[in-house]
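Rule-based calculations on the coordinates, nothing more; no lab input. Fair warning: this is a prediction, and the values are worked out from it, not measured in the lab. No Cβ is skipped: glycine too gets one built from the backbone with ideal geometry, and neighbour counts run over all protein chains shown.
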Amino acid sequence: MYEQQPMKMAAAEAACHTGSDFSVLSLGDPGSKDCGDVITLIAVPGALGFLGTGEWGADMPGIRDLETHYVDQYGKTIPDEAIYGDLAGSDVQYVPVMWVTYWGFRLMIGLGGVVALGGLVALWLTRKGTVPRSPWIMRLALLGIVAPFAANIAGWIFTELGRQPFVVAPNPTGVDGVYMFTAAAVSPGVTAGELLFSVITLSAVYGIMLVIELVLMVKYIRGGVAASMPELASRASDSDDDHPSGDHRDDVLAFAY
């Protein structure tokens, strides 16, 4: 990512200046569009270079240096071309909204880590073929359903906002000169009202689907095997005449994904 879209990753790390420090926690004004008020409270020296290149302490380009490079490479203003309409000639803001990229990236990685940790905990707790009966573990398992979806949403927000102001980001290692500013991303034949209608309609449809999916998942998870496979539950409730030993483990699924 540092090779293809260096400004996105610099903004994701709140790396205002070229260096190798990895920001664990940085704060600033959410409405800011530059590095003027970014304060790094906790940092790990050298770690950013390792994450970016595999070499501990390697310098990674910072926002201020990258902004100068972008201006030299792609211009200070949007090209005076018809596809850019009224925005042609206006100033280009090469730094994405930093608090969105910074926290979006951390939510994506952090929630992904939570999912991985939850999987390891589940494997440990069920290592002997048993299902935990602690109500707190069950509640956390239900809450954990949200984590991968939230990580996915955070990742998409980071991806889309992080590449601004480009709708087609330039490829430094590919064909030179192939890029397009976001100002050209909207068809001149589409009105603002039509865009708003589309966004509201799609959001409503997907919102309804989300509610239905969550209700069904919670229902069947809480109900266990008996809720989704009643035929197995009926076998488990058969008389001891059919199962003298009282052992129904061969009939009832104890744990499944």
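Among helices (runs of 4 or more DSSP H) entirely within region 1-79, having at least 1 residues that are surrounded by fewer than 18 Cβ atoms within 10 Å (Cβ to Cβ), charged (D, E, K, R) and at negative phi singles out 63-74.
Number of residues in region 137-174 that are assigned to a loop (DSSP other than H, G, I, E, B), surrounded by 14 or more Cβ atoms within 10 Å (Cβ to Cβ) and out of contact with any helix residue (DSSP H, G or I) (no Cβ under 9 Å at 6 or more places or on another chain) equals 1. Does region 127-136 include one or more residues that are β-branched (Val, Ile, Thr) and under 22 Å from Leu66 (Cβ atoms)? No, region 127-136 contains no residue that is β-branched (Val, Ile, Thr) and under 22 Å from Leu66 (Cβ atoms). Restricting Ile157, Ile78 to residues that are under 11 Å from the mean Cα position of the chain (by Cα), within 30 Å of Gly189 (Cβ to Cβ) and of a type in the set (A, V, I, L, M) narrows the list to Ile157.
What residue, among those in region 105-136 that are assigned to a loop (DSSP other than H, G, I, E, B) and without any contact (Cβ under 8 Å) to a residue 40 or more places away in the chain, is farthest from Ala151 (Cα to Cα)?
Lys128
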